[in-house]
1. Order 37-46, 96-105, 59-68 from most to least packed using the mean count of other Cβ atoms within 10 Å.
2. Only four residue types carry charge here, +1 at the Cβ of Lys and Arg and -1 at the Cβ of Asp and Glu. Report the dipole size of segment 27-136 about the Cα centre in Debye, rounded to the nearest 20.
3. Suppose a student asked you for the relative contact order of segment 84-132, using Cα pairs under 8 Å spaced at least 6 residues apart; what percent would you report?
Amino acid sequence: MKMSVRHETGEKERMSEGQLKFLFDYTKFHIGMYTTLIGAVIAFLKFTPGFTPGGEPWWLRLCLVVTLFCFLGAGACGGAIASNIPDCLPSEDFSTKELTALGIKPLKYPILAHYEHGFFWTGILFAAVSIALSVLSPR
C-alpha cells in the first residue's frame, strides 16, 4: 500500500505499507487516549464530591460538557480514519481517497485528521479553562 507524502521540495512520494501501518497504530493510540479522557471527564462530572447539579458554577459544567463533546468528535474522526486504512488498495492514495463513515463518504484523510486534532485541542483548551477558572474563582 502506498500513501503519498509531500516533501519540503514539493515533490510527492508514496508511503509504504509499513508507514500506513504506523498511521493505523498512531490513530489507534489516539482513539484509546480519547476514550480514557472521555471516561475521566464523565467520572469527574459524576463522582467528584461537591460537584452536583446546581452546586457548581454554570460555566464549569458547560466547559466540561464541551470538552466531552470535543473528545467524542476527535474519537469519531479518528475512528473514521482508522476504519478505512485496512480498505486501502495498493494502487490507491490514502490521502486523496474518500473515507467512508457509516456508509457516507464525508471527507478525505487530511481534512479528517485536521478535524480530529482540532477537536482534541479545543477540548484540551476548554478543560484547561475549566480548571483555571475553578482554581481562581472564590468559593
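The numbers here are math on the coordinates, done by the rules we state, and not lab data. Keep in mind that this is a model prediction, so the values were computed, not measured. Methodologically, a virtual Cβ is constructed for each residue, glycine included, from the backbone with ideal geometry; neighbour enumeration extends over all protein chains shown.
1. So the order, starting with the most tightly packed, is 59-68, 37-46, 96-105.
2. Dipole size: approximately 220 debye.
3. 21
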